[in-house]
Amino acid sequence: MQPAQVVLLLVLGTSFVPGPRAELVRHLEVSENAPAGTRVGMIDAESPPYLIVPVLGSAVEADLVVDQATGEIRTRVPLDRETRASYNLVALPPNGENVRVVVKVLDENDNAPVFPVDSVDVEFPENSPRDAKRALPPAKDPDLGQYTTQRYEIVSGNVGEVFRLAAHRGRDGVLYLDLQNSGSLDREARSNYDLAIEALDGGAPPLRSRLRVNVTIQDVNDNPPIFNQTRYSASVPENATVGTPVLAVNAQDLDAGDNGRIEYSINRRQSDREEMFRIDSETGMVFVNKPLDFESKDRHELVIVARDRGAQPLEASAFLSVRVTDVNDNQPAITVIFLSDDATPKISESAQPGVFVARISVSDPDSRTEYSNASV
Ligand SMILES: [Ca+2]
Ligand SMILES: [Ca+2]
Ligand SMILES: [Ca+2]
Ligand SMILES: [Ca+2]
């Protein structure tokens, strides 16, 4: 039909049918995707031929073939309900009646639910309460009713079944989706989940598509540092110079970042107020800090603290017993007491071998005083 003819028909349609009159409505149906040339039906009102007046914007001419001589309607191309769900035209038989024809395109399940993205990143703190949820982008399926999105499934990656899905239908017909925490999340046990989620429609079989959800479990400071020993012992000679390393303590903290970063210190309220020792806060190495003296103190009991750097820090303590070992650093005092009559160093000529001539005492702060006798 030429454009000039269409204009003419429209003019005829309005000028030959004055005033409102009863309009016959003919309903026809055809399934989407039917091959080109599929018979839709007959206009079948009064006897043909008909003058066909497409309703503006209805695309009748592009998609349908209307035989004006017989009134038969066929498809010109496979139709797509999701593009156009119905066609309207007006058929004018010679008697001047007015037949409105509505061709409804029936739905088929020819669209899978589709997520708007391939993957999303989601975060949960490890202390999240049960049922904490994160919205995921919903899949959309333009088909109708059962043929649109019906459900979601986690198909892989849900280690320990710590997640589940909750879906609800919105007023707009979209099936919205939340990822929920269904169990206890522990970053120290598992810090990441790579979930595969499928959206399914209600076709038989259902069409489906997949969304990858990368779940990161955020750290919470829920682990205190733990020393590898509750008690340490070391010994150091009393003449060790200031700065001599004594022993390195070690604690581990399972948390991440600052929550797991440890600072060592000596608890001065409970030990070593004289600051005879110091500790490297990073390495845990204990050093001699002041000259030691076996004679004044041969054992130092230190309380070592490991504290993490969490916003609310956690800490642990261990004991370090440092034994100071003796070094012969004092001159012995030697006293000789002569056993002569006037306590002067002399020996009688008649002295027989074995006669005691002097008593010698050796006194040393480094050890017990000892005595011995000197004889001829
Ligand atoms: Ca469809
Ligand atoms: Ca579908
Ligand atoms: Ca910690
Ligand atoms: Ca933690």
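The values are calculated or read from the model by the stated rules, or taken from the named source; none is laboratory data. Computed from a predicted structure; not experimentally measured. Ideal geometry is used to build each Cβ from the backbone, glycine not excepted, and the neighbour counts take in all protein chains shown. These area figures cover heavy atoms from the full protein model, side chains too; ligands, DNA and RNA do not enter into them. Shrake-Rupley method; radii C 1.70, N 1.55, O 1.52, S 1.80 Å.
How would 319, 338 rank on accessible area, largest to smallest, probe 1.4 Å?
Values: 319 90, 338 70 Å².
Descending accessible area places them as 319, 338.
Using a Förster radius of 45 Å, what is the FRET efficiency between residue 191 and residue 293 based on their Cβ-Cβ separation? Nearest 0.05, please. Could the numbers behind the result be given before it?
Numbers: r = 51 Å, r/R0 = 1.14.
The pair residue 191/residue 293 has a calculated efficiency of 0.30.
Would you mind counting up the charge near residue 242? Only other residues with Cβ under 12 Å from its Cβ, with Lys and Arg at +1 and Asp and Glu at -1. Walk me through the numbers before you get to the answer.
Values: positive: 278, 290; negative: 275.
Here the count lands on +1.
How much area per residue is accessible in the chain when the probe is 1.4 Å and only protein heavy atoms are counted (Å²)? Each step should come with its number before you reach the end.
Working: 21260 Å² over 376 residues.
Computed with neighbouring chains in place, this is 57 Å² per residue.
In the neighborhood of residue 62, defined by Cβ-to-Cβ distances under 11 Å, what is the net charge if each Lys or Arg adds +1 and each Asp or Glu adds -1?
0
With r as the distance between the Cβ atoms of residue 234 and residue 130 and R0 = 45 Å, compute the FRET efficiency 1/(1 + (r/R0)^6) and round to 0.05. Show your work: numbers first, answer last.
Numbers: r = 48 Å, r/R0 = 1.07.
Calculated value: 0.40.
Would you mind telling me which residue in 95, 33, 221 has the biggest mean-square fluctuation in a Gaussian network model of the chain, where springs connect alpha carbons within a distance under 10 angstrom?
Sorting by GNM fluctuation, first place goes to 95.
Of the listed peptides 340-352, 137-149, 305-317, what is their order by residue-averaged count of other C-beta atoms within 10 Å, with the highest listed first?
Details: 340-352: 9.2, 137-149: 19.5, 305-317: 16.8.
Peptide ranking by packing, descending: 137-149, 305-317, 340-352.
Starting from the coordinates of the alpha-carbon atoms of segment 119-218, obtain the Kirkwood hydrodynamic radius over all distinct pairs and give the value in Å to one decimal. Please list the in-between numbers first.
Details: mean 1/r = 0.0712 Å⁻¹.
Over segment 119-218, the inverse of the mean reciprocal pair distance is 14.1 Å.
By DSSP, what percent of the beta bridges with both residues in the chain are antiparallel, rounded to the nearest 5?
Details: 77 of 99 bridges.
About 80 percent, rounded to the nearest 5.
Over the chain, with a Gaussian network built from C-alpha contacts below 10 Å, which listed residue (71, 284, 354) shows the highest mean-square fluctuation?
Per the Cα network of the chain with a 10 Å cutoff, 354 tops the list.
Counting pairs of alpha carbon atoms under 8 Å apart in space and at least six apart in sequence, what relative contact order in percent does segment 205-303 give?
Working: 139 pairs, mean separation 28.0, N = 99.
The normalised contact order for segment 205-303 reaches 28 percent.
What's the carbon and sulfur percent of the chain's accessible surface, probe 1.4 angstrom, rounded to a whole number?
Numbers: 10880 of 21260 Å².
C and S fraction of accessible area: 51 percent.
Express the Stokes-Einstein translational diffusion coefficient of the chain in µm² s⁻¹, to the nearest whole number, given a Kirkwood radius over alpha-carbon pairs, 25 °C and a viscosity of 0.890 mPa s.
Estimated diffusion coefficient is 79 µm²/s.
Over the chain, what is the mean sequence separation of C-alpha contacts under 8 Å (at least six apart), divided by residue count, expressed as relative contact order in percent?
Numbers: 863 pairs, mean separation 39.3, N = 376.
10 percent.
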